[in-house]
Amino acid sequence: MTTVRPSAALAEPVDRVGGGWTAALSLANGAIWVGWYGPLQILLASQAEDFAPGSGMDKETMLAWVTGVGAVISLAANPLFGALSDRTVSRHGRRTPWIVAGAAGGALSLLALGAADGPWTMVLGWCLVQLTLNAGFAAVTAAVPDRVPRLQRGSVGGWLGAAQILGVVGGTGLATLAGGVGAGYAACAVFTAVGVLPYVLRHPDLRLAAADRPAWSWRAFLAGFRLSPRRHPDLGWAWLTRFLMNLSNALVLLYLLYYLRDRLEYADPDRGVLVLTAVNGVTLLATVVVAGVWSDRVGRRKPFVLWAGLLMAAATAMLAVWQTWTGSVVAAAVLGIGFGVFTSVDFALMTDVLPTALDRGKDLGVINVANALPQVAAPALAAPIVTYLGGYRMLYAVAAVIGLAGAVLVGRIRGVD
């Protein structure tokens, strides 16, 4: 009897990837985060401040609506494009076409958002940015379980995490220093489009054989997005842990510009955000790769995630009780240390609990909902807390409790040490 072997794209990887592949994929990942966080850290808040007068909303509420609606788009887009990339049969592989389309579409969408002339065009532009960049991001993250063996995923996840924070810092820097909202969007757009080129041009993707692609059925396709926590409890607990930790972080970041301006009365809040982001980035970079490599060597994930979460909760609590510029700098540094460990090791943990090789992109997309859903939940929680329920002190106290819950719940995962 002849044994029919699946496509290499569906095999469990055993060969370690090289530094060039990791660097190129990390740059592509960082480029996408530039496209997200230039707007999220600076540009959307500036536009909301410009468009709020005469709209019937204050700037905090408008920013909450814009980011919330965009996050809803992200919730659907990431698993959808992940599933489509799983089923893509092309001479360029499963993931590369979506990385190219996502980065190019994201760049054009950023330019359109920069030309927004009111609240509605601002919402539309941000939704297009979320739609397109999530197509690229879903494919970039799925490339890791496609190509990286399990005991190298912590270190690769560390480099991806380093690229993520460099993307956040770079996006914030471009948005701050470009010389205006339109110029900031243009700078982010160019970096997003150019940053994916080394990966897509130099590293051929694994191709899926047509025989291995499942027959198309809308019913089966839509049913595939339903991952039962009862059938896959480890995946369920891992998802909840990531959601709570990212929700805590989103609550910290959402109104950072307004916190510096309105609560601390910092003289130059735009540059203040850039400074805090840079401080956070430096300490994150100091831990993100080291933690991933260390986790690979000891073969354990959960202790790293637990202690990272405890440290992040402590840093967030600092913002609630030490509301000065110095306190903000210290909190940003400590938060970076914790988030660096969490970013690399949690990513490796997530790839370790994926159910099937055929649906890696879709399953990671569902997992990545835990990154996007906090962008919906954070504005819904933050706006009333800041406006009616205690201000920024209460906001950061709530964020600390949420992060602490996420850290503790990682202990419920049984299939990963």
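Numbers below:
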read-out: Only listed residue being small (Gly, Ala, Ser) and farther than 30 Å from Gln152 by Cβ, chosen from Ala370, Ala348, Ala378, Ala333; value: Ala378
read-out: Meets criteria (over 18 Å from the mean Cα position of the chain (by Cα) and either in a loop (DSSP other than H, G, I, E, B) or under 26 Å from Leu381 (Cβ atoms) (or both)) for Ala308; value: no
read-out: Residue count for segment 235-261, restricted to those that are assigned to a helix (DSSP H, G or I), in contact with an Asp or Glu (Cβ under 9 Å, 6 or more places away or on another chain) and either surrounded by fewer than 19 Cβ atoms within 10 Å (Cβ to Cβ) or aromatic (Phe, Trp, Tyr) (or both); value: 1
read-out: Which listed residue is outside any helix (DSSP H, G or I) and free of Cβ contacts under 8 Å to residues at least 60 places away in the same chain, from Ala331, Ala267; value: Ala267
read-out: From the options Gly184, Gly161, Gly171, Gly195, residue that is closer than 21 Å to Val293 by Cβ and crowded, with 20+ Cβ neighbours inside 10 Å; value: Gly161
read-out: Top-ranked residue of segment 389-411 - restricted to ones that are part of a helix (DSSP H, G or I) and not aliphatic (A, V, I, L, M), ranked as surrounded by the fewest Cβ atoms within 10 Å (Cβ to Cβ); value: Gly411
read-out: Residues located in segment 311-330, provided they are farther than 20 Å from Leu160 by Cβ and either basic (Lys, Arg) or under 21 Å from the mean Cα position of the chain (by Cα) (or both); value: Leu311, Ala313, Ala315, Thr316
read-out: Of the criteria (1) within 30 Å of Asp50 (Cβ to Cβ); (2) more than 18 Å from the chain's Cα centre (by Cα); (3) touching a residue at least 60 places away in the same chain (Cβ under 8 Å), which one Lys302 fails; value: (1)
read-out: Top-ranked residue of segment 172-230 - restricted to ones that are at pLDDT 90 or above, assigned to a helix (DSSP H, G or I) and β-branched (Val, Ile, Thr), ranked as farthest from Gly93 (Cα to Cα); value: Val181
read-out: Count of segment 334-363 residues which are assigned to a helix (DSSP H, G or I) and under 18 Å from Ala220 (Cα atoms); value: 4
read-out: Among (1) surrounded by fewer than 18 Cβ atoms within 10 Å (Cβ to Cβ); (2) in contact (Cβ under 8 Å) with a residue 40 or more places away in the chain - the single one Asp363 does not satisfy; value: (1)
read-out: Extreme residue, farthest from Val366 (Cα to Cα), among residues of segment 78-111 that are polar (S, T, N, Q) and either in a helix (DSSP H, G or I) or without any contact (Cβ under 8 Å) to a residue 60 or more places away in the chain (or both); value: Ser109
read-out: Identity of the residue in segment 109-131, more than 14 Å from Ala372 (Cα to Cα) and β-branched (Val, Ile, Thr), that ends up nearest to the chain's Cα centre (by Cα); value: Val123
read-out: Test: residue in segment 109-123 that is surrounded by 24 or more Cβ atoms within 10 Å (Cβ to Cβ), farther than 25 Å from Thr277 by Cα and in contact with a helix residue (DSSP H, G or I) (Cβ under 6 Å, 6 or more places away or on another chain); value: no
read-out: Of the criteria (1) without any contact (Cβ under 8 Å) to a residue 60 or more places away in the chain; (2) of a type in the set (A, V, I, L, M); (3) crowded, with 24+ Cβ neighbours inside 10 Å, which one Leu201 fails; value: (3)
read-out: So Leu349, is it in contact (Cβ under 8 Å) with a residue 60 or more places away in the chain, out of contact with any Leu (no Cβ under 9 Å at 6 or more places or on another chain) and closer than 26 Å to Trp33 by Cβ; value: yes
read-out: From the options Ser74, Ser90, residue that is of a type in the set (S, T, N, Q) and more than 23 Å from the chain's Cα centre (by Cα); value: Ser90
read-out: Residue match in segment 377-386 (condition: surrounded by fewer than 22 Cβ atoms within 10 Å (Cβ to Cβ), out of contact with any Lys or Arg (no Cβ under 7 Å at 6 or more places or on another chain) and either free of Cβ contacts under 8 Å to residues at least 60 places away in the same chain or farther than 29 Å from Cys127 by Cα (or both)); value: yes
read-out: Residue check for Gly35: under 28 Å from Gly158 (Cα atoms) and either crowded, with 19+ Cβ neighbours inside 10 Å or within 20 Å of the chain's Cα centre (by Cα) (or both); value: yes
read-out: Residues within segment 262-274 that are within 20 Å of Gly170 (Cα to Cα) and surrounded by fewer than 22 Cβ atoms within 10 Å (Cβ to Cβ), tallied; value: 6
read-out: Residue in segment 253-274 that is modelled with the lowest pLDDT, counting only those that are over 18 Å from Val386 (Cα atoms) and under 21 Å from the mean Cα position of the chain (by Cα); value: Leu274
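The values are calculated or read from the model by the stated rules, or taken from the named source; none is laboratory data. Quick caveat, the model's predicted, so the values are computed rather than measured. Glycine also receives a Cβ, built like all others from the backbone with ideal geometry; neighbour counts cover every protein chain displayed.
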